[in-house]
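In what follows, a single structure is set out as structure tokens and then discussed.
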Amino acid sequence: MERRKFLRYVAASAAGILGGRYLYRYATHASQNDSVGTASVEAAAARYAPLFIPGNSGPLGVLDMAGALLTLTARSTALPLIQGKQSPFLVYEAQYGGKTYQNPIVRVQRGKQFNARLQNGLDEPTIIHWHGLHLPGVMDGHPRTTISAGKRYDYAFTVTNRSGMYWYHTHALNRTAKQAYSGLAGIFMVEDEDEAALRKTLQLEPGTNELPLLIQDKQFNSSGELTYAGNSMQQRMMGQLGDTIMVNLTAQPQLDIANRLYRFRILNGSNSRIYKLAFMHRGKMLPYSIIGTDGGLLDRPYTAQEVFLAPAERVDILFDASHLRADDEVLLKSLAFDAMEDEMMSGMGGAMGGMSGMGGMGGSSLALGAEFEIMKLAVTRQGAATPASPPPTLSNIARIDTRDAIVRNISLAMQRMRWLINGESFNLDSYPIQSRNNTVELWDIQNAKMSMPHPMHMHGFSFQVVNRRDSPSQVRKLAQDASGRLITDLGWKDTILVWPGETVRIAVDFTNEYEGDQTYLFHCHNLEHEDQGMMVNHRVSAA
Ligand code: C2O
Ligand code: CU
Ligand code: CU
């Protein structure tokens, strides 16, 4: 099919199904960036709320695993998310070491045994998946293991991953997107000697100058309650986009800092929004160091000014504020980018009545690729004299030996309004991808030209990026070398963004120490795409 025809087809189908539910709301958040009078600037300034910094209990509290069983009870609660109003929210609640937590930041030492129990206190089925962890298939939280209301599921495995920021979230069959959006997600930190060395050199103190930043876009109604756009055609195809950007569940956050070095460990916990992160100071981008990716530290720090972060990806950043002065302000922003390289979006948008982007229909007014503010950093105090420059080496990244690797082709494309992987939509009982223990594979993940960017995620194994081909210019511009790889491609990954028209080659070693055949998943981490079936079983057989 020709491109133009395809676009008209997509647009016409979406419009037909949407019908009267089409609702266009003008960008409310975007007005911040317009020229406004002093009064409204002050009004906007007053809206900043202090960034929520996780403590040692309560919401996002840091929970150090000390051997005992961790029981996580999934349940519905109410939290004041915006305007101090209570909003329905789903949490994993835990009692541990005499403290109560909601969606705890679980911290585990590498090599330790991890014992947890999911207790389903919801009135619907659910299951927990440990994102990025290497573990037996039966411990992975495959949607097949979804448990009904009132039931429980026990997990026991050894944490063998490198130190890094991993996470856990619902993987309920057909319900992952809405449940994760409604709150069922948390951070899982693994620590080891690389991590300890870095903290020591830079005098990093979690909770003070080392902070997790969980970035999510949400949508609220006028009563301050979290809303999910549901199953509109637009949302099914593009994914849920919210117009309220939250960091650690704080809308429009401000972080008061000293003029010293900070470490931000950032997780994109959004359903479908991709961010292009930059620190802006007086209209200019400030350089920062990228020191880690999904699977932990890079070999060394890399200087950057902007980085793409797709759903489920993590990036570990050192931000040096030591050259800033008191009263200086820096904005962590997501910069504008072309989400579809003007292919699908403009085609669909055009036929939908000249909207720029597709944001308006699902209820959100903030299109994918729009520019917006994420967080304000305000220098309010003098920093202690601490080392500002990162150590020259951080870790060792041994390259996977791909000499005997087979090459597997993975295609991503849309057919009849569905996103497919190698032409397949998810079927619980079929195994379209089969690998073998003790083998290495190269996967060429090829996204169709008329497509969306898809963040593709593999369960059970971290992988390495070998190269990027036919990347759109905004991606190629950030390439580090002739392989087309970005800085974030240089470490261990479990989720990789593949742009329209692009082919990304990854190397994976399927060696595992588990008994028998293991079943995992490979899917798009745009969670609406995932629930729609952009997911396949992946079996790693014993021999
Ligand atoms: Cu974080 Cu199967 O996903
Ligand atoms: Cu995962
Ligand atoms: Cu996708």
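The values are calculated or read from the model by the stated rules, or taken from the named source; none is laboratory data. As the structure is a prediction and not an experimental result, all values here were calculated from the model. Every residue, glycine as well, gets a Cβ built from its backbone with ideal geometry; the counts of neighbours run over all protein chains shown. All accessible areas refer to the heavy atoms of the entire protein, side chains included, with ligands and DNA or RNA removed. Shrake-Rupley method; radii C 1.70, N 1.55, O 1.52, S 1.80 Å.
Mind ranking I82, I128 by accessible surface for me, highest first, 1.4 Å probe?
I82, I128
For the stretch 288-301, take each phi angle, set θ = phi - 60°, evaluate the Karplus expression 6.51 cos²θ - 1.76 cosθ + 1.60, and give the result in whole Hz per residue in order, putting x for glycine and proline.
My calculation for the stretch 288-301 gives 9, 10, 8, 10, x, 10, 3, x, x, 5, 6, 5, 8, x Hz in order.
Tell me, what % of the accessible area of the chain is carbon and sulfur with a 1.4 angstrom probe? Could the numbers behind the result be given before it?
Details: 10010 of 20610 Å².
The computed percentage sits at 49.
What accessible area per residue comes out for the stretch 474-517, rounded to a whole number of Å², with a 1.4 Å probe?
Result: 35 Å² of accessible area for each residue.
Dimensions of the stretch 491-543 along principal axes (Cα, Å, largest first)?
37, 27, 16
Let's test the formula: R0 of 41 Å, r as the Cβ-Cβ distance of E225 and D154. What FRET efficiency results, to the nearest 0.05?
Computed FRET efficiency for E225 and D154 comes out at 0.75.
Can you tell me, using C-alpha contacts under 8 Å and at least 6 residues apart, the relative contact order of the chain as a whole percent?
So the answer I get is 15 percent.
Given the -39500 (n - 2.57) contribution per DSSP H run of 4+ residues, what per-residue ellipticity at 222 nm results for the chain, rounded to the nearest 500 deg cm²/dmol?
Here the helix-only value at 222 nm equals -3000 deg cm²/dmol.
So which aspartates and glutamates can K178 reach, going by Cα to Cα under 15 Å and dropping same-chain residues fewer than 8 places off?
Within the straight-line cut-off, K178 pairs with D123, E124, D217, E225, E528, E530, D531.
So, in Å, what gap is there between the alpha-carbon centers of the stretch 193-250 and the stretch 414-453?
So the two Cα centres are separated by 28 Å.
Would you mind getting the accessible area per residue of the stretch 154-198, heavy atoms of the protein chains only, 1.4 Å probe, in Å²?
25 Å²
Give me a comma-separated list of calculated 3J(HN,Hα) values for the stretch 262-275, in order, Karplus coefficients 6.51, -1.76, 1.60 applied at θ = phi - 60°, integers in Hz, x for any Gly or Pro.
Coupling constants for the stretch 262-275: 10, 10, 10, 9, 9, 10, 7, x, 7, 5, 9, 7, 9, 10 Hz.
Determine the distance separating the Cα centre of the stretch 90-141 from the Cα centre of the stretch 461-502; give it in Å without decimals.
31 Å
Label L173 and M417 with points 7 Å out from Cα along Cα→Cβ: what is the distance between them in nm?
If labels sit at L173 and M417, their model points lie 2.5 nm apart.
Rounded to the nearest 10 Å², what accessible area does L81 have for a 1.4 Å probe in the complete protein model?
L81 exposes around 20 Å² with every protein chain in place.
Which peptide among 390-401, 310-321 comes first, and what is the full order, when sorted by highest mean count of other Cβ atoms within 10 Å?
Highest-to-lowest ranking by the protection proxy: 310-321, 390-401.
Starting from the 7 Å offset along Cα-to-Cβ, what nm value, one decimal, do you get for the label separation of R47 and T77?
Taking the simple label geometry, R47 and T77 are separated by 2.7 nm.
Determine the gain in length on full extension of the stretch R300-D429; use 0.36 nm per residue of separation and subtract their C-alpha separation, reporting nm with one decimal.
42.1 nm
How large is the translational diffusion coefficient of the chain in µm² per second when you combine the Kirkwood radius over alpha carbon pairs with Stokes-Einstein at 37 °C and 0.692 mPa s?
Taking Rh from Cα pairs, D becomes 139 µm²/s.
Enumerate the lysines that K376 could reach by cross-link, defined here as Cα to Cα under 20 Å, with residues fewer than 8 away along the same chain left out.
Those lysines meeting the cut-off are K218, K276, K284, K333.
Between R144 and S322, what is 0.36 nm times their sequence separation minus the Cα-Cα distance? Round to one decimal in nm.
Computed gain between R144 and S322 is 59.0 nm.
At a temperature of 37 °C and a viscosity of 0.692 mPa s, determine how fast the stretch 442-514 diffuses translationally according to Stokes-Einstein, using the Kirkwood radius over alpha-carbon pairs as Rh; express D in µm²/s, rounded to the nearest whole number.
Answer, rounded: 262 µm²/s.
For a quick check: with amide H placed at 1.01 Å from N, whose amide H comes under 5 Å from R408's, ignoring anything fewer than 5 positions away on the same chain?
L442, W443, D444
Divide, for the stretch 169-276, the radius of gyration over alpha carbons by 2.2 N^0.38 Å, where N is the residue count.
Cα-based Rg divided by the globular estimate yields 1.30.
What does the highest-first list of 502-513, 473-484, 327-338, 447-458 look like by mean Cβ count within 10 Å? Before the final figure, lay out each step's value.
Numbers: 502-513: 18.9, 473-484: 14.0, 327-338: 17.3, 447-458: 22.8.
Output ranking for 502-513, 473-484, 327-338, 447-458: 447-458, 502-513, 327-338, 473-484.
For the stretch 44-105, what is the relative contact order in percent, using Cα pairs closer than 8 Å and at least 6 residues apart in sequence?
Working: 94 pairs, mean separation 21.7, N = 62.
35 percent.
Show me the ranking of peptides 461-471, 167-177 by mean Cβ neighbours inside 10 Å, starting with the highest.
167-177, 461-471
Bin all alpha-carbon pair distances of the stretch 173-220 at 10 Å intervals from 0 and give each bin's fraction as a whole percent.
All Cα pairs considered, the percentages come to 18, 37, 22, 20, 3.
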